[in-house]
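Single-structure report; data block below.
FYI, it's all coordinate maths here, none of it is from the lab. Computed from a predicted model, the values in this text were never measured in an experiment. Reconstructed Cβ throughout: ideal geometry from the backbone, glycine too, with neighbour counts over all protein chains shown.
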Amino acid sequence: MRRPALAALATVSLAFALGACGTEENSVVVSNASADVKTGSRLFVERCASCHTLDAVGAQGSSYDIRDKERVDGPNFNVRKECVENVLYAIRNGGYSGAIMPENLAVGKDAEAIAQFLQKYSGTQRKSTAGSVQLKCAGE
């Protein structure tokens, strides 16, 4: 009777250990961000992080080197600034090209939470060059 319980405990422990491999911490959930932004960060990790990069949540889905880029690599949100309206458009329509990203990965309040999260945390590493126009989102 004790063997099955030990085997189950070992399996669960191994699953937790392997589940943590290769991931970084979602620093947004422990920040002073609003509840909607924290929810958006968790949803982003669940639904978007496999194709997009964003350091704030440990997402590493994009390629950093153009020679390693794959067709499923989404934009790197460390360097690409997004506004709520643009994110909602992309979620509804499967990105901007419609080729890879599934439509409606989130809807309603979930989509809005992801959009608010991305507006707050995207674009933190973009470089400003002389004469470049910096994207300003409504409400910022």
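Which is farthest toward the positive dipole end of the stretch 23-121 among 26, 58, 95, measuring Cα position about the Cα centre, with Cβ charges +1 (Lys, Arg) and -1 (Asp, Glu)?
95
For the pair residue 97/residue 126, report the inter-label distance in nm, with labels modelled 7 Å from Cα in the Cβ direction.
Result for the modelled spin labels: 2.0 nm.
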